[in-house]
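Here the structure is laid out as structure tokens; the discussion comes afterwards.
The values are calculated or read from the model by the stated rules, or taken from the named source; none is laboratory data. As the structure is a computational prediction, the values presented were derived from the model and not from experiment. Using ideal geometry, Cβ is built from the backbone for each residue, glycine included, and neighbour counts are taken over all protein chains shown. Just the protein is used for accessible areas: all its heavy atoms, side chains included, with ligands, DNA and RNA removed. Shrake-Rupley method; radii C 1.70, N 1.55, O 1.52, S 1.80 Å.
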Amino acid sequence: MEYQPRRKGKEKAPSSPSVDNPFISQYRPPPGETEEERIRRARAAQDAQRVSKEIDESLLETKKYLDRRRRGLRLLLLGQAEAGKSTVLKNFQLAFTPSLFQRERMLWKTIIQLNLIHAVKIILDTLSTPESPGSPTDSDSTLPPSPIFTSSALSRKHRRLHLSLSPLLSVETNVNKLLSSSRPDSRDVCVRAGSSWKSKLGFQDSARYSTDSEQGLSSAQAAAMSDLTRMLEASSDDLMALWADLEVRTMLASRSGGKFIQNHPGFHFLHDIPRITSPVYVPTDSDIVRARVRTVGVEEHHLVGETDSQKGSDFYITDVGGARNLRSSWVPFFDDGNASLVVAEGHVAHTKINLAQAILFLAPLSFNQMLDEDRRVNRLEDSLMIWRGICSNALLANCILIIFFNKRDLLENTLESGVLVNTYVSSYDGPNDAAHVTKYFKDRFKSYFKKLSPKPRPFISYSTSAIDTRAMKALILVVHDGIVRNNLANSDIL
Ligand SMILES: Nc1nc2c(ncn2[C@@H]2O[C@H](COP(=O)(O)OP(=O)(O)OP(=O)(O)O)[C@@H](O)[C@H]2O)c(=O)[nH]1
Ligand SMILES: [Mg+2]
């Protein structure tokens, strides 16, 4: 869409003389005008002029805004649910806007508390459901089973723990309701990023929020959050007893093939119960990148660089929800139709203006896991399917594509625990270690890339662990520099 500046009200259009200008002729004095009519006409003309000026200013603002967007770095994060897109975004914020990240730190406290309680809920649900012979035992069983409390396998101690932790679960439900504009998702962690949860947690704007402030909260929200902190502190001993219980661990391991505990977002916080349940708990950077908030829809984040080397630089990072039912919101990035997209700050821009310079595709090598939303679909096959669509898309032909083979730490844990890749991928006959396995899958992604790209472009891939903030910071600087200078050559860094 080309921007055409509007002509000022007083300027004459070259092809039509002012006598024909309906705007001017409308406010010309009619013959025999009374004083009252003259005042009314003058007022109407003034109003019309004011509106015209406002429209001009707004168009100018929009033009400035779009020019700024064009000059900034525009990055699109894609990949399936739980691939680590939002975690990579947090790493960008840490690298380029550290003081904003610092100001938002306390917002994550509630999310992390909810993540911890969600993990406890999964444990209690699992314990209270009898194991049926046909129930899935694979490592990715993240769906909590139905909460029928038959408890034959539970001892008196477990029942007491279940009972004493129940009020905590109710408080979690209340906080979830306050934070989510839609029905909370029982499958996953609580709040939805698209529902402006940060403002619901009291973050009014970057300048006004302070770590101890609750001024932006309604009294109901503030009460629910302090209830949450109080209940967690009171339940700390029971939480520790539950997590330390060997019988509980054994039962969880047998229900999940022994692996899903360490992989499920939220379970990580069980290792830190005393710290997180403390009333003076302050989340660390590592806690924040571990915190899980499901993204719904498309969110554009505008970062303005704060560090010396990036001061004032604009970054427009678009994060999307990766679950299958949310992928329709990706269409504006793949389809050259006339669709418009509402972008930040209330401006509406044509999709072409939104085209990213680079796509960061997150592909965890979760070869032994199925999608939560369709237990018949292997996660890695799903990633390959999305990747093929991105590579072959003509609209994205000039876009730099970068893959992060994410969750390297989990891949290493899985392989070290003895899971054989060959059991899941029969064509794999290499050594069962992370380097060889990563190379094998990288070659598969690369061959689709070469075959399907509308024109030749470099294949750029990195093996990442997005929870490793230090390594991510170094990588983000390399990637940013490469995009800006357009010098990301074929890269096989692993
Ligand atoms: N262990 C480990 N966990 C990771 C890694 N990257 C992300 N995570 C965790 O995985 C969970 C999901 O990550 P997100 O960034 O929320 O995933 P997403 O791609 O944004 O998912 P959607 O918003 O549902 O599309 C979070 O709890 C992260 O902390 C990683 O490299 N290793
Ligand atoms: Mg996300």
For the stretch 58-103, the dipole about the Cα centre with charges only on Cβ (Lys and Arg +1, Asp and Glu -1), to the nearest 20 debye, works out at 240
For Met106, the accessible surface traced by a 1.4 Å probe with all protein chains present amounts, in square angstrom to the nearest 10, to 40
For the stretch 395-481, the percent of accessible surface on carbon and sulfur atoms (probe 1.4 angstrom, ligands and nucleic acids excluded) is 54
Each label sits 7 Å from Cα toward the beta-carbon; between Leu169 and Arg249 the label points are separated, in nm, by 2.3
Here the FRET efficiency for Glu412 versus Arg388, based on Cβ atoms and R0 = 22 Å and rounded to 0.05, is 0.25
Counting only protein heavy atoms and leaving out ligands, DNA and RNA, the solvent-accessible surface of His158 at a 1.4 Å probe, in Å² to the nearest 10, equals 10
Taking every other residue with Cβ under 11 Å from the Cβ of Thr34 and scoring Lys and Arg +1, Asp and Glu -1, one gets -1
With 0.36 nm assigned to each residue of separation and the Cα-Cα distance removed, Asn422 to Ala471 gains 14.6 nm
Taking R0 as 45 Å and r as the Cβ-Cβ distance between Arg43 and Val304, the FRET efficiency 1/(1 + (r/R0)^6), rounded to the nearest 0.05, comes to 0.60
Of 41-54, 288-301, ordering from highest average Cβ density within 10 Å down gives 288-301, 41-54
With every protein chain in place, the accessible area of Ser465 for a 1.4 Å probe, in Å² rounded to the nearest 10, comes to 10
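Got a sec? What order do Ser199, Ser155 fall in by accessible area at 1.4 Å, biggest, i.e. largest, first? Mind showing how you got there, number by number?
Working: Ser199 60, Ser155 40 Å².
Of Ser199, Ser155, the descending order of accessible area is Ser199, Ser155.
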Ranking Tyr424, Tyr448 from most to least accessible area with a 1.4 Å probe gives Tyr424, Tyr448
Note: probe point = Cα of Asp56 + 7 Å toward Cβ; backbone nitrogen < 16 Å; residues of the stretch 29-45 passing the test are 45
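Once you have a ≥ b ≥ c as the square roots of the Cα gyration tensor eigenvalues for the stretch 218-292, tell me rounded if a/c is under 1.5, and otherwise prolate or oblate according to whether a/b is larger than b/c. Mind showing how you got there, number by number?
Values: a/c = 2.28, a/b = 1.70, b/c = 1.34.
Prolate is the answer for the stretch 218-292, as a/c is 1.5 or above and a/b outweighs b/c.
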For the table Lys177/Lys311; Lys63/Lys451; Lys85/Lys311; Lys407/Lys455; Lys121/Lys442, the rows whose alpha-carbon distance is greater than 32 Å are Lys177/Lys311; Lys63/Lys451; Lys121/Lys442
